There are 2 protein chains.
Amino acid sequence: MTDLAESGQLITHTELALATRNRGMPLEGMRHDVTPVGLHYLLVHFDIPALDPGGWRLRIGGNVERELELGLDDIRSRPAETITVTMECAGNGRARLEPRPISQPWLNEAIGTARWTGTPLGGILAEAGLGEDTVELIFTGADHGIEGGEELDYARSLTVDEALRPSVLLAYEMNGRPLEPQHGFPLRLLVPGWYGMTSVKWLTRIEAVTEPFEGYHQAVAYHFQTDDEEPGEPVSRMRPRALMIPPGFPDFPERTRHLDRGAVTVRGRAWSGRAPIERVEVSCDGVWRDATLTEPIGEWAWRGWSWEWDATPGPHVLACRATDASGDRQPLVQPWNLQGMSNNLVQEVGVLVR
Amino acid sequence: MTDLAESGQLITHTELALATRNRGMPLEGMRHDVTPVGLHYLLVHFDIPALDPGGWRLRIGGNVERELELGLDDIRSRPAETITVTMECAGNGRARLEPRPISQPWLNEAIGTARWTGTPLGGILAEAGLGEDTVELIFTGADHGIEGGEELDYARSLTVDEALRPSVLLAYEMNGRPLEPQHGFPLRLLVPGWYGMTSVKWLTRIEAVTEPFEGYHQAVAYHFQTDDEEPGEPVSRMRPRALMIPPGFPDFPERTRHLDRGAVTVRGRAWSGRAPIERVEVSCDGVWRDATLTEPIGEWAWRGWSWEWDATPGPHVLACRATDASGDRQPLVQPWNLQGMSNNLVQEVGVLVR
């Protein structure tokens, strides 16, 4: 397997400047079913926009019967739902690739689970009345910058079928409180099961269109490319992944794990955006055994697991891997892609037992 | 000046593993007088401990007349104060040094300002009754690991005079809510004016001692060393620093700034733990001019500032520097130290005006 430390790869200043802005979740944060707001992962392409909730409006237009312009109170007055959703950055695991694309250098920690409250998108779209020949909805956020040589607002699209799934929300609360600015205040899209790039933050406009959207973040970024000649398949739902809370305690700054010999319960979480998690396996030094799954906490949320280990003195390597009900299982060998998308190579944790 | 990008220095895997756990504040977060919890900087040496607030106790002992053991309700029932405090990591700016110590690689963003609520430490110490020959109080947290070759809990000390300052709190709320786990739940020390290492999180024990504390995080770490032969002076209060919100909008991933020509108000914050901020200067391409300070928001909080700029087309370099009432002013040339402590070299922001 590729190991960044062993490979001797080094991180550039561009990557560091992103890593000190964006936020991974320390993996011990998986103790919590629902991630505290300040521990949830965060990836922002440009700057966090400053939106005045009084002046802010969501405009719904394009191929619709009635254009809508809604304030935050309008949206809050509609039927509300709260769902527990595990969200992961499509670039999670990018920094373990070799060669490594220059972007946010995630190792494993671009994850989080929150209770999101909002109103189903379908209700708003029904009110606007989608034209029959609508094929996609384009969701535009207020974050503005230059990417791929273009000056643009961040924007992504969904097919009508995906957009009308009942679990797709226009979300204004996270864990029971108004969104913090960095998570999309005052309103964001929430698309359970998909990688985080789909859940457009700081939403300002929804446009119904009759042709597939060709914007940069839809048609160029977030694709499985093997070279920049071919467009590649688009990235969509989260691939299965299991992560463990590294057992024992760490060194600073190296973060090597140390553990006393004897019985230890190794715990973690597993999720997939494609099908329910069916199995989690844990290996110690290459021997795979089944972990025990805990009760589900929600259709779109990670699933807890645990594994009893009788730790014997010496160095060990623990690993975990998830399989979902579609039969998709995490790889032991890394399939590489140019953008560093969806790298769900199994996590390995070295532990020194004393 | 030292510039990491220009120097071609690269970041190691150890530094990246820290950077994806710890959290800087995106500098546009300086828009807010009080930083949202999830945007505040975070530095954790070991793992975030899992403390059960029901079973947790704070023990006060050592050279005292009465040992105390207090639960969270005991502490919450005491007189409460709320103060607005700017906190900064002592390692802020470390990644700009050359050569660079291997630790958390902050550029400029290890800052945040919160409204902390707690009970003054002095009241608790009065109740315990400090022995007359007490010289220091040792504050021990629950975070456990190996650092400097020792297995230990994170611990720092304060002199009796510092500990009895009325603004020193045992804090259980941040921005009006219970501390999130990563900020020290259920209780942390809060020492306004000092770098963040002093405000021990996950506090479990306070011990009065008659000799200066020689623990690793007090006597070895957090010192201004020029080599590892000499102990160096201890790091204490925050040096003056001004930071600006980078104007315009960025590229992704490089984060170069782009701006339209014409009038623009450049804004930022400045603070010092040693004396009030007296002056902030801004330079465009090396010419320094005074910025306008906004009204103070608290004795221990950062001060806002603004500067009107008539941006002309082409590339420019903006910089800002603070001077406090003691006459201490940020340096234009970096004084180096072995641990990368307290690097308050002025911030520079390159801007392309069109």
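Here, each number is a calculation from the coordinates, and none is a lab measurement. Small disclaimer: the values here were computed from a predicted structure and weren't measured. Glycine gets a Cβ as well: all are built from the backbone with ideal geometry, and neighbour counts include every protein chain shown.
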For a quick check, take a GNM of chain B with Cα springs below 10 Å and name the residue from B:Gly298, B:Gly273, B:Gly193 with the largest mean-square fluctuation.
B:Gly298
Check which residues have an amide H placed less than 5 Å from A:Glu278's amide H, if you skip close sequence neighbours.
A:Thr323, A:Asp324, A:Ala325
For A:Thr265, place a label point 7 Å out from Cα along the Cα→Cβ vector, do the same in each other copy, and report the separations in nm, one decimal, smallest first.
5.5
Quick one: what does P(r) look like for the stretch B:198-282 with 5 Å bins over all Cα pairs, in whole %?
3, 9, 12, 12, 12, 13, 12, 11, 7, 5, 3, 1, 0
Over all Cα pairs of the protein assembly as shown, the Kirkwood radius sets Rh, and Rg/Rh then becomes 0.96
Using a basic spin-label model with each label point 7 Å from the Cα along Cα→Cβ, how many nm lie between B:Ala219 and B:Ser306?
5.2 nm
DSSP loop trypsin sites (Lys or Arg not before Pro) in the stretch A:34-88 with at most 11 other Cβ atoms within 10 Å of their Cβ, which ones?
A:Arg66
Estimated distance in nm for a label pair at A:Glu151 and A:Glu348, the labels positioned 7 Å out from Cα along Cα-to-Cβ
4.7 nm
Let me check I've understood the local charge: for B:Gly196, count other residues with C-beta under 11 angstrom from its C-beta, Lys and Arg +1, Asp and Glu -1. What total comes out?
+2
Each label sits 7 Å from Cα toward the beta-carbon; between A:Ala126 and A:Ala325 the label points are separated, in nm, by 2.6 nm
Taking 0.36 nm per residue of separation and subtracting the Cα-Cα distance, what length does fully extending B:Glu299 through B:Asp133 add?
56.6 nm
Other-copy label distances relative to B:Thr294, 7 angstrom Cα-Cβ extension, nm:
4.2
For A:Asp328, label point 7 Å along C-beta direction: distances to other copies, nm:
5.4
How long, wide and thick is chain B, going by the Cα atoms along their three principal axes, in whole angstroms, largest first?
69, 43, 37
